[in-house]
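Take a look at this one; I'll ask things after.
The values are calculated or read from the model by the stated rules, or taken from the named source; none is laboratory data. Quick caveat, the model's predicted, so the values are computed rather than measured. Reconstructed Cβ throughout: ideal geometry from the backbone, glycine too, with neighbour counts over all protein chains shown. Side chains included, ligands, DNA and RNA excluded: accessible areas come from the protein's heavy atoms. Shrake-Rupley method; radii C 1.70, N 1.55, O 1.52, S 1.80 Å.
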Number of protein chains: 2
Amino acid sequence: MTPELRHLRYFVAVAEHLSFTRAAVALRVAQQSLSQQVAVLERSLGVRLLDRDTRGTRLTELGRLFLPEARAVLARADEAVATVGRAARGEIGRLSLAFLVSTANYMLPPVVRAFRERFPEVELTTEDVTIGDLVTGLREGRYDAAFTRPPLVDDLTTRTLVTEPVCAVLPTGHPLADRAELHLRDLAAEPWVLTSPASWPPWHQKYDRDFARAGYAPDVVARATGVPNLLGLVAAGVGVSRLASSARSLRRTGVVFVPLVGERAETVVVWNPSVAKPVLRNLLDVVTELAAAVDLTRAG
Amino acid sequence: MTPELRHLRYFVAVAEHLSFTRAAVALRVAQQSLSQQVAVLERSLGVRLLDRDTRGTRLTELGRLFLPEARAVLARADEAVATVGRAARGEIGRLSLAFLVSTANYMLPPVVRAFRERFPEVELTTEDVTIGDLVTGLREGRYDAAFTRPPLVDDLTTRTLVTEPVCAVLPTGHPLADRAELHLRDLAAEPWVLTSPASWPPWHQKYDRDFARAGYAPDVVARATGVPNLLGLVAAGVGVSRLASSARSLRRTGVVFVPLVGERAETVVVWNPSVAKPVLRNLLDVVTELAAAVDLTRAG
DNA sequence: CAGGGGTCACAGTCTCCGACTGTAATGGCC
DNA sequence: GGCCATTACAGTCGGAGACTGTGACCCCTG
């Protein structure tokens, strides 16, 4: 029979008190039970650990050697329990985050900074991804959470972190460029530059609805992949576009951002609700707090 | 309640087989008992380690993290048991040896070499001591064993390792120096150089008996402390002496060693019989073997 | 020197934990 | 639908580990 942790605890207690009687009191068991269990330990090791007689108890040579061993085993066991406890509270572990390329610019730094400050021992990995990779990555468990723009899909849960104005994006010198604000219908006659609808149909269905509500279908003269490219095309005077105002930080020259009345863009954190990971809960807490405390669209 | 090693063993088995049923077979317990004990472990940790349903068992995120922890605890426990086992077999531990200064010269190197070869992990300390320190050191447990010359005392156990001739020690050019052998009575008229009787009475009582048997009391003209000094006095022509032949190695010039017929000197290993230390048994085995195999008086 | 307080060990009893058996619920596959 | 997996639930049993009571022994003290 191989010893159990109880036997080691008992032995350590006796070794520390150098008395079965006092150790038994400390362990809240009867002295006789303690004697018995230590004897079991000694028999299972095939070794005498304690010299006991009527005037007390002393460690044998082997007992002196085994004491630190027993302590080490107990300490390792405590550590294992503590580790799993901390993991259960989400204080350690791995967290994989995905950022939509167009939100990474302003979301990643504050999010990562805030989370690492609160949970420095969580191994954090981040990736900039396209919307397609983001959704499949969340579904397949490759990412624990992601930051992106709605609308998304029903099987993933989202929480809105930021809402910001949507702006018309015009080339510098455009006739409407000095307006304080615009309506979407003001741009009915303009040539448009938009992203490719293949990237994420739900977005483009929303755009289509917006344009339909404004009473026209835009004359799309160019398609860009990625916001920087799109801004480049606008700066080149190819056409106008519409973007969340936080995109302003991606290009400072050649384009003008004019708020579109009544249009808002959201940035959300999204996760797979079937994954119940403690670290994830902590991330959600941190980013929710963070979004309430600071204006993330300006934090990049 | 804090987990026992059994719980960890059970969990590791299930995690390795990814099946309660198969793990139960391997552990030679019923599946139901195994399920119950793993559930106890999970409850005591406050954490779900395994996802189980009708089509099998998989580790949870936390289970995956706890598995190496559990393995580490079990490994540490095994190591502790193995360590005390090796200590019980005398393969590890500490061994403190004392050598009488006059025997250290030829005994220490072969003894230490042989022992370290057989038991390289025993921490060996050696000390050259006078006979008085040697005896009290053994009695007080400061040394585990010592190498010296008899006679000693009843409360210490001795085992003879080497017997060798006793020689008359004469200055070079002494009239008797070219004899092949001598009897003690041949030296009745000589001036004698001996060690101080205060060093260890039992020795000098034996000397006195030897001289009495030879029919005279020696004319002691000088007392030396330590064999090298004694040899120096003989070389200086102060007188003659008698020493074990192994003392030859301490001085090569100015003295001549002539065997004394019928006189033998012993070198013994001595230990405290009330100390039952596994390393000590191994030492005794090694030196007994060693003494049987080689002539230790020439090994220095 | 006797008595009290301390040590640990032995013997007997009891309780509860961890094992067992038997059964149920469920899912995948032919 | 029946068969073969899986794990879970319920009830029973045996033994390990707890307890109490007692004894032997040592040391100190009055």
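Please give the helices (runs of 4 or more DSSP H) falling wholly within segment B:1-83 in which 2 or more residues are more than 48 Å from the chain's Cα centre (by Cα).
In segment B:1-83, B:20-27, B:31-45 are the helices (runs of 4 or more DSSP H) which contain 2 or more residues that are more than 48 Å from the chain's Cα centre (by Cα).
Would you tally the residues in segment B:2-22 being within 12 Å of DNA strand C (Cβ to nearest atom) and either over 21 Å from B:Arg76 (Cα atoms) or among the small types (Gly, Ala, Ser) (or both)?
3
Do you know which of the residues in segment A:136-175 that are without any contact (Cβ under 8 Å) to a residue 60 or more places away in the chain and part of a helix (DSSP H, G or I) is most open to solvent (accessible area, probe 1.4 Å)?
Taking the candidates together, the pick is A:Thr136.
Might you check whether a residue that is open to solvent by less than 20 Å² (accessible area, probe 1.4 Å), in contact with a Leu (Cβ under 9 Å, 6 or more places away or on another chain), not in a helix (DSSP H, G or I) and not assigned by TED's automatic domain parsing to the domain that holds B:Trp271 occurs anywhere in segment B:194-207?
Taking segment B:194-207 first, the residues open to solvent by less than 20 Å² (accessible area, probe 1.4 Å) are B:194, B:204.
Imposing the further condition that a residue be in contact with a Leu (Cβ under 9 Å, 6 or more places away or on another chain) reduces the set to B:194, B:204.
Keeping just the survivors that are not in a helix (DSSP H, G or I) gives B:194.
Next, from what is left, pick out any that are not assigned by TED's automatic domain parsing to the domain that holds B:Trp271: B:194.
Checking segment B:194-207: at least one residue is open to solvent by less than 20 Å² (accessible area, probe 1.4 Å), in contact with a Leu (Cβ under 9 Å, 6 or more places away or on another chain), not in a helix (DSSP H, G or I) and not assigned by TED's automatic domain parsing to the domain that holds B:Trp271.
Now for a different question. Given the options B:Leu95, B:Leu124, name the one that is over 24 Å from B:Ala244 (Cα atoms) and either within 14 Å of chain A (Cβ to nearest Cβ) or touching an Asp or Glu at 6+ places or on another chain (Cβ under 6 Å) (or both).
Among B:Leu95, B:Leu124, only B:Leu95 is over 24 Å from B:Ala244 (Cα atoms) and either within 14 Å of chain A (Cβ to nearest Cβ) or touching an Asp or Glu at 6+ places or on another chain (Cβ under 6 Å) (or both).
Give the number of residues within segment A:219-271 that are surrounded by 15 or more Cβ atoms within 10 Å (Cβ to Cβ) and basic (Lys, Arg).
Selection size over segment A:219-271: 4.
Take B:Arg6 and tell me if it is modelled with pLDDT of 95 or more, within 30 Å of A:Glu61 (Cβ to Cβ), open to solvent by 40 Å² or more (accessible area, probe 1.4 Å) and within 12 Å of chain A (Cβ to nearest Cβ).
No; evaluated as a whole, the condition is false for this residue.
Let me ask something additional. Collect the residues in segment A:113-122 that are of a type outside the set (Gly, Ala, Ser) and either open to solvent by less than 10 Å² (accessible area, probe 1.4 Å) or touching a residue at least 60 places away in the same chain (Cβ under 8 Å) (or both), keeping them in residue-number order.
Once the filter is applied, which keeps residues that are of a type outside the set (Gly, Ala, Ser) and either open to solvent by less than 10 Å² (accessible area, probe 1.4 Å) or touching a residue at least 60 places away in the same chain (Cβ under 8 Å) (or both), segment A:113-122 yields A:Phe115, A:Arg118, A:Phe119, A:Val122.
I've got another one for you. Filter segment A:12-48 down to the residues that are near DNA strand D (Cβ under 9 Å from one of its atoms) and either open to solvent by 60 Å² or more (accessible area, probe 1.4 Å) or within 14 Å of chain B (Cβ to nearest Cβ) (or both) and list them by number.
Within segment A:12-48, A:Leu27, A:Arg28, A:Gln31, A:Gln32, A:Gln36, A:Gln37, A:Val40 qualify.
I would also like to ask the following. Taking A:Val286 as meeting all but one of (1) buried (at least 21 other Cβ atoms within 10 Å of the Cβ); (2) at pLDDT 90 or above, write down the number of the exception.
(1)
Another question, then. Taking into account only those residues within segment A:49-88 that are within 16 Å of DNA strand D (Cβ to nearest atom) and open to solvent by 40 Å² or more (accessible area, probe 1.4 Å), which is nearest to B:Gly85 (Cα to Cα)?
My answer is A:Asp51.
Right, another one. Quick test of your reading of the structure: B:Ser35 fulfils all but one of (1) touching a Phe, Trp or Tyr at 6+ places or on another chain (Cβ under 7 Å); (2) away from DNA strand C (no atom under 11 Å from the Cβ). Name the failing condition by number.
(2)
Give just the number: which of (1) more than 9 Å from chain B (Cβ to nearest Cβ); (2) within 25 Å of B:Leu45 (Cβ to Cβ); (3) away from DNA strand C (no atom under 15 Å from the Cβ) does A:Val84 not satisfy?
Against the list (1) more than 9 Å from chain B (Cβ to nearest Cβ); (2) within 25 Å of B:Leu45 (Cβ to Cβ); (3) away from DNA strand C (no atom under 15 Å from the Cβ), A:Val84 comes up short only on (1).
Between a first residue in segment B:94-112 that is open to solvent by 30 Å² or more (accessible area, probe 1.4 Å) and a second residue that is assigned to a helix (DSSP H, G or I) and of a type in the set (D, E, K, R), which pairs have beta carbons less than 9 Å apart while being 6 or more apart in sequence or on different chains?
As it stands, the answer is B:Arg94/A:Glu61, since those pairs meet every condition given.
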